[in-house]
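J.: Can you read through this structure? Questions will come right after.
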Amino acid sequence: MILKTYLYSAENGWNSPPDQSLNSTNTLLIFFGPADGSLVENQLKTLQQNFPDSLMVGCSTAGEIFAEELYDDSISLAILKFESSQIKLVSTKIGEDHDSRNAGIELAKQLSQDGLKAALILSEGLLVNGSDLVTGLNEELTQEVTITGGLAADGDRFEKTWVWNQGKFTSGLIAAIGFYGKNIGFSHGSRGGWKVLGPDREVTASVDNVLYELDGKPALELYKKHLGDLKDDLPASGLLFPLAIRSDREDGDIVRTILAVDESDQSITFAGNIPKGSRVRLMRASFDQLVDGAMGAASGIDSSGYKGGDLLSIAISCVGRRLLLGQRTEDELEVVMEELPKNCQQIGFYSYGEISPLESGRCDLHNQTMTITLIWEN
């Protein structure tokens, strides 16, 4: 595999011209860019024209990651040309007549063929139910297929996200890249670093990812009591107080983050499902806890199959972590790079949700985590 990474900014242009000699039917361009696609549309269309035989996919973000630095209104790009492994790009739309679970099933069916080793998912960030999407993927793909990825973002605005498809910014789209062959290397790590805050509470009314009541009381009313003065900044301020779904399984708790609130029925919409009857607790974290969590995500990756050569890290971290870390956001990117092999190159983005396997191997939706995917070819 030949790997090259690039950064584009309006101030400086490309840090170096993307190498058109890498164009081939076995080349993947993966990028992350600003929610306001008009800022980079010309550059992306030129890329598409200059790499006519290659697969190209990307999504909107709450901040672009390049190496150990964070950027806004930029393009973070990786070009991977595989030698013997195969790649396949598929996509599907979601909407009222096509729910997230069925979207996951459809994507998995499009990907499913001999030699499938891994799938990387880039999804619409607001219209999707991430839990149902992953459920659909899990129903069709075995645990031998590693699934990672993330949900597109729109800063802290929660208005509109996009996924790049056939030369256009498309809302309501989910894309998946399949990786095939015995020589592809694909590994992952995911950690949070958040700590529980307050007592356990029972979910007494919910439908899918919409939470209506906790302990028989309106969910939004109860949530606002914990936020204090920050309640007026919802839903953005809710990113600082995610919800932990308590679990006795070895996989541990699942974290859910807010996407929207509804004052009329006092409900809260989360990025993933909040099952009725489950026990939940609010969470909060310090700077050091989040940075330690990012370090744990990188150090916990099993890269024993890596035999040298080019190596790509795709880092997907939650927008809530960025809001809390503030000017220290790059601290978590630096510790990740310190834990990875020295020749590793990194791109990534801040997201509305992260997709990664649990310790059991079963894939799930996460929120408020640092999730890392490593890709190489032996």
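J.: Say we look at region 234-257 and pick out the residues that are among the charged types (D, E, K, R) and surrounded by 14 or more Cβ atoms within 10 Å (Cβ to Cβ); which of these is modelled with the highest pLDDT?
T.: If we take residues in region 234-257 being among the charged types (D, E, K, R) and surrounded by 14 or more Cβ atoms within 10 Å (Cβ to Cβ), then ARG256 is modelled with the highest pLDDT.
J.: To continue, here is another question. Looking at SER84, is it within 28 Å of MET370 (Cα to Cα) and in contact (Cβ under 8 Å) with a residue 60 or more places away in the chain?
T.: Against the criterion (within 28 Å of MET370 (Cα to Cα) and in contact (Cβ under 8 Å) with a residue 60 or more places away in the chain), SER84 does not qualify.
J.: Within region 301-312, is even one residue of a type outside the set (Gly, Ala, Ser) and under 18 Å from the mean Cα position of the chain (by Cα)?
T.: The answer is yes, given that some residue of region 301-312 is of a type outside the set (Gly, Ala, Ser) and under 18 Å from the mean Cα position of the chain (by Cα).
J.: Sort out which residues of region 314-346 are farther than 27 Å from GLN143 by Cβ, among the hydrophobic types (A, V, I, L, M, F, W, C) and within 14 Å of the chain's Cα centre (by Cα), and write them in order of number.
T.: VAL319, the sole residue that qualifies.
J.: Further question: Among (1) in a helix (DSSP H, G or I); (2) of a type in the set (D, E, K, R); (3) loosely packed, with under 14 Cβ neighbours inside 10 Å, there is one condition LYS231 misses while meeting the rest; what is its number?
T.: Unmet condition: (3).
J.: Just name the residue that is farthest from LYS307 (Cα to Cα) out of those in region 344-359 that are of a type outside the set (S, T, N, Q) and in a strand (DSSP E or B).
T.: TYR350
J.: So, of the residues in region 277-288 that are surrounded by 15 or more Cβ atoms within 10 Å (Cβ to Cβ) and in a loop (DSSP other than H, G, I, E, B), which turns out to be modelled with the lowest pLDDT?
T.: The qualifying residue modelled with the lowest pLDDT is ALA285.
J.: Then there is this: If SER21 meets every condition in (1) assigned to a helix (DSSP H, G or I); (2) closer than 28 Å to GLY353 by Cα apart from one, which number is that one?
T.: Evaluating SER21 over (1) assigned to a helix (DSSP H, G or I); (2) closer than 28 Å to GLY353 by Cα leaves (2) as the failure.
J.: What are the residues in region 296-343 that are among the basic types (Lys, Arg) and either closer than 30 Å to GLU83 by Cα or part of a strand (DSSP E or B) (or both), if any?
T.: Selection gives LYS307, LYS342.
J.: Could you list all residues from region 105-154 that are farther than 21 Å from SER187 by Cβ, of a type in the set (A, V, I, L, M) and assigned to a helix (DSSP H, G or I)?
T.: Once the filter is applied, which keeps residues that are farther than 21 Å from SER187 by Cβ, of a type in the set (A, V, I, L, M) and assigned to a helix (DSSP H, G or I), region 105-154 yields ILE105, LEU107, LEU133.
J.: For region 1-19, what are the residues that are surrounded by 12 or more Cβ atoms within 10 Å (Cβ to Cβ) and more than 26 Å from the chain's Cα centre (by Cα)?
T.: ASP19
J.: When region 56-90 is examined, which residues are found to be more than 26 Å from VAL336 (Cβ to Cβ) and either hydroxyl-bearing (Ser, Thr, Tyr) or not in a loop (DSSP other than H, G, I, E, B) (or both)?
T.: Within region 56-90, SER84, GLN86, LYS88, LEU89, VAL90 qualify.
J.: Looking at (1) in contact with a strand residue (DSSP E or B) (Cβ under 8 Å, 6 or more places away or on another chain); (2) closer than 18 Å to LYS93 by Cα; (3) surrounded by fewer than 19 Cβ atoms within 10 Å (Cβ to Cβ), which is the one condition that is false for GLN166?
T.: Only one criterion is unmet by GLN166, namely (1).
J.: Ok, one more. Among (1) out of contact with any His (no Cβ under 9 Å at 6 or more places or on another chain); (2) among the hydrophobic types (A, V, I, L, M, F, W, C); (3) loosely packed, with under 15 Cβ neighbours inside 10 Å, there is one condition LEU197 misses while meeting the rest; what is its number?
T.: Status for LEU197: all satisfied but (1).
J.: Okay, moving on. Only one of GLY189, GLY238, GLY185, GLY178 is under 22 Å from the mean Cα position of the chain (by Cα), at negative phi and assigned to a helix (DSSP H, G or I). Can you tell me which?
T.: The match here is GLY238.
J.: Now, a different point. So the check is Cβ under 6 Å with 6+ separation or different chains; which pairs have a first residue in region 33-49 that's surrounded by 15 or more Cβ atoms within 10 Å (Cβ to Cβ) and a second one that's among the charged types (D, E, K, R)?
T.: What qualifies is PRO34/ASP73; ALA35/ASP154; LEU39/ASP73.
J.: Please specify each residue of region 201-222 satisfying the condition of being in contact with a helix residue (DSSP H, G or I) (Cβ under 8 Å, 6 or more places away or on another chain), without any contact (Cβ under 8 Å) to a residue 40 or more places away in the chain and in a strand (DSSP E or B).
T.: Of everything in region 201-222, just one residue is in contact with a helix residue (DSSP H, G or I) (Cβ under 8 Å, 6 or more places away or on another chain), without any contact (Cβ under 8 Å) to a residue 40 or more places away in the chain and in a strand (DSSP E or B), namely GLU213.
J.: What number of residues within region 25-46 satisfy the criterion of being farther than 17 Å from GLY63 by Cα and out of contact with any Phe, Trp or Tyr (no Cβ under 9 Å at 6 or more places or on another chain)?
T.: Going through region 25-46 one residue at a time, the tally reaches 4.
J.: Can you say whether GLY300 is in the same structural domain as ASP156 (by TED's automatic domain parsing), surrounded by fewer than 19 Cβ atoms within 10 Å (Cβ to Cβ) and without any contact (Cβ under 8 Å) to a residue 40 or more places away in the chain, as far as the supplied structure shows?
T.: So GLY300 fails the test.
The values are calculated or read from the model by the stated rules, or taken from the named source; none is laboratory data. Nothing here was measured: the structure is a model prediction, and the numbers come from that model. So basically every Cβ, Gly included, is an ideal-geometry build from the backbone, and we count neighbours across all protein chains shown.
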